[in-house]
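Colleague: Next up is a structure, given as structure tokens.
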Amino acid sequence: METNVRKRLIAIAAKKEKAAIVYQNIQLIDVMTRETYATDVAIDSGYIAATGYGYEGIETIDGTGKYLAPSFIDGHVHIESSMVTPSEYAKAVLPLGVTTVIADPHEIANVKGAEGLQFMLDDAAGLPLDVRMMLPSCVPATSFEHAGATLDAEALAPFVDHPGVHGLGEVMDYPAVERADSDMLKKIEMVETAGKIVDGHAAGLKPRELNIYGVAGIRTDHEAVSKEDAIERARRGLYVEVREGSAARNLKEVLPAVTEGNASRFLFCTDDKHLDDTLVEGTIDYNVRYAIRSGIKRETAYAMASLHAANAYGLSDRGAVVPGRRADFLILTNADQVEIEAVFAKGEEVARNGKVIGDFKKAIVPSSLKGELKTKPITDELFRLPIAGKAHVIGVIPKSIVTDHLILDVPTKEGLFVQDTARDLLKIAVIERHAATDFSAVGIVRGFGFKRGAIAATVVHDSHNLIVVGASDAEMQLAAEVLVKSGGGVVAVNGTEVLAELPLEIGGLMTSRPYVEVGEKLEALNDALDVLEADRSFNPYLTMSFLALPVIPKLKLTDSGLFDVEKFQHIPVED
């Protein structure tokens, strides 16, 4: 805080000068003491100057019947999963009360390396949404797949002191931590030396492994999927980020771990959330509503959405409506339902009644981030899968990115697996798309429920190769060919017809299109699922995007083959 600003705030707090704005008799949701009470709130120079009665304002606003609360912080998000740029993403989430996000750009970094990271930093700069970037720690995520780039400690070093960088992103490569890999430890050390935070990714880790994470310097985790998971993490000093995204929905299972005694260790995040879900459900506001409805004390739910996230990430200048902190706050007409009237960031109104205020810059996308997919030829032979009898099958679990490892008798013809929609046995294929190598793999998946058609995408965590799931080889081939032609995106086909497509020209992950238009295209893709008779109890596109991620249990498919996450090795499809 500048000295002249501090002097003015002191004069206002001492009641010697008028504040720019005073909200009178408004219900303050106090996340420090976890109570709600009527008071006045004085705001000036982008900060909270004072709370309590008797303060005068150049402008006074009657807050009777309304609530004032700190705005929300999303503790862990991949903006690329919204499929729009940071500058466009801000327009979507600011009206929902989110004014700060802790963003890990490892999606675009896995495709375009340091250049992709620089683009995200540049586009996020100067937005009313404060985007705190975490340097991608695992590019590629593991050595068991082929990404478009590699970022070692030396490559990340020039970014550590960037003002938009807040720490090191989720450390997914647990084996590298346990074996004390020198490059991984160097990444952690240089971020710690800079006084910044290291994020974790403790998917499936037990107490022994959590202890190792702790001594390695990792301080957060968003992969708890049960009450027990969450408690084990909190007991070892990790901040538990309760996640509710589009594919991974963990509120129901994890919230029972939260008590008034341990709540300070819990915060909210979305991780990966599609724009269509964001526009219908919301993001952190949805989590707060859900928590209150589940029996969490209202003030505690708001604290998890603000103060606890600020504490976890060392953001001592925000997260609560108290004197001296940034004036990042919400005006609400209904606190339990999180009905937001207005959103303020650093004292400036940035959204009202669901709409952003003011002009936003448009992303400047380097031509090198746009381009064609580089794959081997998409032929019918690519989708053939020799099988003699039993096979290892990926079992989709609705609303989860964890999968089952099934061993089933599967139908074959002339020594090749054939899809069986009656038994919900479909093919899945992953094709390397960064360097036109010969790497591709085919497997079997159960749980999508398709009766016909295929879907494909280049949004495939974390290496973002081309993935296809389908009821026939011909439809899978068509879906793949469509995306190769368009340069990446998401598509649904039926027979020879393209039902819906969202082209993603920025690295095959994002588009410069307005977020509303992207939402509409995603809805068209969702409508296409009805034609395929897919299971609509979850998001098949987002679920598919995690089926190639070899750090999430139990069975996945990379471009190098079927991967048993528990054994941490590739295995044959045939049992």
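The values are calculated or read from the model by the stated rules, or taken from the named source; none is laboratory data. Values in this document were obtained by computation on a predicted structure and should not be read as measured data. Cβ coordinates were reconstructed from backbone atoms using ideal geometry, including for glycine residues, and neighbour counts include every protein chain displayed.
Colleague: Determine whether residue 439 is over 24 Å from the mean Cα position of the chain (by Cα), assigned by TED's automatic domain parsing to the domain that holds residue 498, over 20 Å from residue 402 (Cβ atoms) and surrounded by fewer than 23 Cβ atoms within 10 Å (Cβ to Cβ).
Modeller: Yes.
Colleague: Could you check, for the stretch 408-416, whether at least one of its residues is on the phi > 0 side of the Ramachandran plot, out of contact with any strand residue (DSSP E or B) (no Cβ under 8 Å at 6 or more places or on another chain) and surrounded by fewer than 18 Cβ atoms within 10 Å (Cβ to Cβ)?
Modeller: yes
Colleague: Please work out if residue 376 is charged (D, E, K, R), assigned by TED's automatic domain parsing to the domain that holds residue 543 and assigned to a loop (DSSP other than H, G, I, E, B).
Modeller: Spelling it out, residue 376 is indeed charged (D, E, K, R), assigned by TED's automatic domain parsing to the domain that holds residue 543 and assigned to a loop (DSSP other than H, G, I, E, B).
Colleague: Given (1) buried (at least 24 other Cβ atoms within 10 Å of the Cβ); (2) within 28 Å of residue 150 (Cα to Cα); (3) not β-branched (Val, Ile, Thr), identify the lone condition not met by residue 132.
Modeller: (1)
Colleague: Separate question: Taking interchain pairs and intrachain pairs at least six residues apart, which have beta carbon atoms under 7 angstrom, with the first residue in the stretch 336-360 and within 18 Å of residue 61 (Cα to Cα) and the second of a type in the set (Val, Ile, Thr) and in a loop (DSSP other than H, G, I, E, B)?
Modeller: From residues that are within 18 Å of residue 61 (Cα to Cα), the pairs are 349/357; 350/357; 351/357.
Colleague: Considering only residues that are among the aliphatic types (A, V, I, L, M) and part of a strand (DSSP E or B), look in the stretch 408-438 and name the one that is nearest to residue 148 (Cα to Cα).
Modeller: That would be 431.
Colleague: Give 475, 481 a once-over and let me know the one that is free of Cβ contacts under 8 Å to residues at least 24 places away in the same chain, out of contact with any helix residue (DSSP H, G or I) (no Cβ under 9 Å at 6 or more places or on another chain) and in the same structural domain as residue 400 (by TED's automatic domain parsing).
Modeller: On inspection, the qualifying residue turns out to be 475.
Colleague: Let me ask another. Is it the case, given these coordinates, that residue 64 is surrounded by fewer than 23 Cβ atoms within 10 Å (Cβ to Cβ), assigned to a loop (DSSP other than H, G, I, E, B) and hydroxyl-bearing (Ser, Thr, Tyr)?
Modeller: It is true that residue 64 is surrounded by fewer than 23 Cβ atoms within 10 Å (Cβ to Cβ), assigned to a loop (DSSP other than H, G, I, E, B) and hydroxyl-bearing (Ser, Thr, Tyr).
Colleague: When only residues in the stretch 135-163 that are surrounded by fewer than 16 Cβ atoms within 10 Å (Cβ to Cβ) and among the hydroxyl-bearing types (Ser, Thr, Tyr) count, which is farthest from residue 429 (Cα to Cα)?
Modeller: 150
Colleague: Inside the stretch 146-248, counting only helices (runs of 4 or more DSSP H) that do not spill past its ends, which hold 2 or more residues that are in the same structural domain as residue 109 (by TED's automatic domain parsing), free of Cβ contacts under 8 Å to residues at least 40 places away in the same chain and closer than 30 Å to residue 438 by Cα?
Modeller: 153-156
Colleague: Could I ask something else about it? Which members of the stretch 464-483 meet the condition of being over 15 Å from residue 428 (Cβ atoms) and out of contact with any Leu (no Cβ under 8 Å at 6 or more places or on another chain)?
Modeller: Once the filter is applied, which keeps residues that are over 15 Å from residue 428 (Cβ atoms) and out of contact with any Leu (no Cβ under 8 Å at 6 or more places or on another chain), the stretch 464-483 yields 474, 478, 481, 482.
Colleague: Also: Please work out which residue is surrounded by the fewest Cβ atoms within 10 Å (Cβ to Cβ), limiting yourself to the stretch 286-301 and to residues that are under 22 Å from the mean Cα position of the chain (by Cα), over 17 Å from residue 102 (Cβ atoms) and not hydrophobic (A, V, I, L, M, F, W, C).
Modeller: Taking the candidates together, the pick is 289.
Colleague: Further, regarding this structure: Going by what's in this entry, would residue 407 be described as at pLDDT 95 or above, hydrophobic (A, V, I, L, M, F, W, C), more than 27 Å from the chain's Cα centre (by Cα) and under 18 Å from residue 565 (Cα atoms)?
Modeller: Taking the combined requirement at face value, the residue satisfies it.
Colleague: I'm trying to understand the selection: among the residues of the stretch 553-571, which are closer than 19 Å to residue 110 by Cα and surrounded by 21 or more Cβ atoms within 10 Å (Cβ to Cβ)?
Modeller: Matches in the stretch 553-571: 556, 557, 558, 559.
Colleague: Enumerate the pairs (first residue in the stretch 250-262 and in contact (Cβ under 8 Å) with a residue 40 or more places away in the chain and at negative phi; second residue anywhere and surrounded by 15 or more Cβ atoms within 10 Å (Cβ to Cβ) and among the charged types (D, E, K, R)) with beta-carbon separation below 8 Å, excluding pairs fewer than 6 apart on the same chain, so at least 6 apart or on different chains.
Modeller: Taking only residues 6 or more apart or on different chains, the pairs are 251/243; 251/244; 260/34; 260/297.
Colleague: Might you check whether a residue that is among the β-branched types (Val, Ile, Thr), in contact (Cβ under 8 Å) with a residue 12 or more places away in the chain and surrounded by fewer than 21 Cβ atoms within 10 Å (Cβ to Cβ) occurs anywhere in the stretch 303-321?
Modeller: No, because not a single residue in the stretch 303-321 is among the β-branched types (Val, Ile, Thr), in contact (Cβ under 8 Å) with a residue 12 or more places away in the chain and surrounded by fewer than 21 Cβ atoms within 10 Å (Cβ to Cβ).
Colleague: For the stretch 506-518, name all the residues that are touching a His at 6+ places or on another chain (Cβ under 9 Å) and either surrounded by fewer than 22 Cβ atoms within 10 Å (Cβ to Cβ) or in the same structural domain as residue 91 (by TED's automatic domain parsing) (or both).
Modeller: none
Colleague: While we're looking at this one, here's another question. Which one of these does residue 276 not meet: (1) more than 30 Å from residue 12 (Cα to Cα); (2) out of contact with any Gly (no Cβ under 9 Å at 6 or more places or on another chain)?
Modeller: Condition not satisfied by residue 276: (2).
Colleague: I need a count of the residues in the stretch 309-354 that are under 25 Å from residue 11 (Cβ atoms), in contact with a Lys or Arg (Cβ under 9 Å, 6 or more places away or on another chain) and among the aliphatic types (A, V, I, L, M).
Modeller: Final tally of qualifying residues: 2.
Colleague: Now a separate question. Could you tell me how many of the residues in the stretch 484-500 are under 12 Å from residue 454 (Cα atoms) and either within 26 Å of the chain's Cα centre (by Cα) or not assigned by TED's automatic domain parsing to the domain that holds residue 512 (or both)?
Modeller: Of the residues in that region, 4 qualify.
Colleague: Starting from residues that are in contact with a Leu (Cβ under 8 Å, 6 or more places away or on another chain) and among the polar types (S, T, N, Q), keep the ones in the stretch 374-411 and report whichever is nearest to residue 203 (Cα to Cα).
Modeller: 403
Colleague: Taking the stretch 34-48 only, how many residues are without any contact (Cβ under 8 Å) to a residue 60 or more places away in the chain and surrounded by fewer than 18 Cβ atoms within 10 Å (Cβ to Cβ)?
Modeller: Adding up the residues that qualify gives 2.
Colleague: Could you check the stretch 179-196 and list, in sequence order, the residues that are surrounded by 23 or more Cβ atoms within 10 Å (Cβ to Cβ) and in contact with a Gly (Cβ under 6 Å, 6 or more places away or on another chain)?
Modeller: 191
Colleague: A further question on this structure: Only residues that are under 21 Å from residue 533 (Cα atoms) and either over 31 Å from the mean Cα position of the chain (by Cα) or part of a loop (DSSP other than H, G, I, E, B) (or both): list them for the stretch 387-400, please.
Modeller: Result: 397, 398, 399, 400.
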